[in-house]
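**Student:** Would you mind keeping the following structure in view while I ask a few things?
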Amino acid sequence: MSQTTVSDARPSPPRRPPWSRVGIVLGGQGVSLIGDQVFFIAAVWAAAQMGGTTAVTLVTLAESVPRALAMIFGGVLCDALGPRVVLLRTTSVRIAVLAVATVIALTSPSVWLLVAVAALEGALLGLGTPSFGTLMPRMVGGEQLGRANSVRTMVARFAPIVGSPFGAWLVAEGQLPVALGVVTVGCVVALLCLAPVTKEISAPTGAPSGVPMWKRTGDGLKLLRSDRKLRLLFLSALCLDFAFAWPMNPGLPVLVIDRGWAVSAVGLVIACWAGGALAGAGISAVVGERVPLSIRLVGSGIGIGVLLVGMVLAPSLAVMAVLSAALGVCSGLNGPAAVTLYQKAAPADRLGTAMAMLALAGIGCAPFAYALSGALAGLTSPELAWAVTALVAFGGPITAARALRIPSA
């Protein structure tokens, strides 16, 4: 590919970061993410009321499976059409789907309505996620990219704090249509923020590859196989995502029950982690480039491994809560650093494909982590399963350190 094509794929940002544009985009994303949380909690809660555990499983699978599959195509679409086209179209379709669902829910709420909406929502979010992941490198210069990603992480961490209880309250009050309406409004706000700001992001100008879209689903794996530095950074993220998946999701309630603590202990530990993660991302945004990304990535990765192991060894709930908050801080520092270095290492003309693979690392490894760690917990004990899973986290800083030794292309 010519140098001209690469430049068009990701134009050089201005020297002075356009923070007003970044703020508009991330503000719209924040409103949309709050709406997404409202929808997920509302859909699961309403499904539980209508059809019990089976309905909850159906809704959860209907959202997660199409989302993971659509991400594969989402990265290819982003590279072929540009992020602006993909984001505006997927968000517009989401608005239409949610508006229709809101009207139907007023008169005929049902589990199958929730399943259908969850499947369409999952697919559309999957198509758009890689494109949104490419916006910051296209809008912000190299030295400020880490700060922009830190602010984006803060927005993502804040959304569940607001959206989850709001969604639960709406459904508890019997207001499923209102919950769907809130999500629709969130998408409208996101669209209004994206449309003017992304005008300056030019679409790819290279000649079409001529390869059918379905034949390009393996582009992400080919990219990782051909680029050693990108592959190692991907494996670093995969190790940390795998180590987090079971302990901080199904493993935590199992451990709490095994130790005879109250159910509220789960909420306390998760809340401490979320608060720490929000603080960590804030510290990362303030620090900027004064602490090199490489130090933040490797240092916080080691901290994550140590703290995950420490949590399962904690003698009391209070100690576990403190360690969980510290774990959140390390997560808030690690996430933006990992994403920034990964974005800088990715080829400009295949940034969408690269971001799709990074997103899949988080979503795709969860089912395997749940199955393997859950089976180990059943055969041995929750403590041993937690500790073994936590040790995988140390693969993150090890592979990241190896990647950082490879010169940039």
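The values are calculated or read from the model by the stated rules, or taken from the named source; none is laboratory data. Please read all numbers here as calculations on a predicted model, not as lab measurements. Cβ placement follows ideal geometry from the backbone for every residue including glycine, while neighbour counts extend to all protein chains displayed.
**Student:** Give the number of residues within segment 68-85 that are of a type in the set (Val, Ile, Thr) and either under 20 Å from the mean Cα position of the chain (by Cα) or under 30 Å from Phe368 (Cα atoms) (or both).
**Tutor:** Adding up the residues that qualify gives 2.
**Student:** Could you say which residue among Val287, Val266 is in contact with a Leu (Cβ under 7 Å, 6 or more places away or on another chain) and either free of Cβ contacts under 8 Å to residues at least 60 places away in the same chain or surrounded by 18 or more Cβ atoms within 10 Å (Cβ to Cβ) (or both)?
**Tutor:** Val266
**Student:** Before we move on, is Ser20 among the polar types (S, T, N, Q) and closer than 26 Å to Ser150 by Cα?
**Tutor:** In short, yes.
**Student:** Also: Is it the case that segment 96-118 has a residue that's part of a helix (DSSP H, G or I) and either charged (D, E, K, R) or closer than 29 Å to Gln343 by Cα (or both)?
**Tutor:** no
**Student:** Identify all residues within segment 81-91 that are under 16 Å from Thr353 (Cα atoms) and surrounded by 20 or more Cβ atoms within 10 Å (Cβ to Cβ); write none if there are none.
**Tutor:** Listed by number, the residues that qualify are Gly82, Pro83, Arg84, Val86, Leu87.
**Student:** Something else about it: Residues that are outside the structural domain of Met320 (by TED's automatic domain parsing) and either over 28 Å from Tyr370 (Cα atoms) or modelled with pLDDT under 85 (or both): which helices (runs of 4 or more DSSP H) entirely in segment 193-296 hold 2 or more of them?
**Tutor:** In segment 193-296, no matching helices (runs of 4 or more DSSP H) lie anywhere.
**Student:** With the condition kept exactly as written, say whether any residue in segment 360-375 is at pLDDT 95 or above, in the same structural domain as Gly301 (by TED's automatic domain parsing) and aromatic (Phe, Trp, Tyr).
**Tutor:** Looking through segment 360-375, none of the residues is at pLDDT 95 or above, in the same structural domain as Gly301 (by TED's automatic domain parsing) and aromatic (Phe, Trp, Tyr).
**Student:** Continuing with the same structure: Would you please name the residue that is surrounded by the most Cβ atoms within 10 Å (Cβ to Cβ), looking only at residues in segment 128-151 that are outside any helix (DSSP H, G or I) and in contact with a helix residue (DSSP H, G or I) (Cβ under 6 Å, 6 or more places away or on another chain)?
**Tutor:** Thr134
**Student:** Moving on. Does Val188 fit the bill of being surrounded by 21 or more Cβ atoms within 10 Å (Cβ to Cβ) and either part of a loop (DSSP other than H, G, I, E, B) or modelled with pLDDT of 90 or more (or both)?
**Tutor:** Considered against the rule, which asks whether it is surrounded by 21 or more Cβ atoms within 10 Å (Cβ to Cβ) and either part of a loop (DSSP other than H, G, I, E, B) or modelled with pLDDT of 90 or more (or both), Val188 comes out as no.
**Student:** Right, next: Return a yes/no flag: does segment 263-274 have any residue that is under 25 Å from Phe132 (Cβ atoms) and not β-branched (Val, Ile, Thr).
**Tutor:** yes
**Student:** Here is a follow-up. What helices (runs of 4 or more DSSP H) completely inside segment 341-409 contain at least 2 residues that are farther than 16 Å from Leu255 by Cα, within 17 Å of the chain's Cα centre (by Cα) and of a type in the set (A, V, I, L, M)?
**Tutor:** Fully inside segment 341-409 and qualifying: 351-379.
**Student:** So, in segment 297-340, how many residues would count as being among the small types (Gly, Ala, Ser) and not in a helix (DSSP H, G or I)?
**Tutor:** The qualifying residues number 2.
**Student:** Within segment 86-116, how many residues turn out to be hydroxyl-bearing (Ser, Thr, Tyr) and within 25 Å of the chain's Cα centre (by Cα)?
**Tutor:** Within segment 86-116, residues that are hydroxyl-bearing (Ser, Thr, Tyr) and within 25 Å of the chain's Cα centre (by Cα) number 3.
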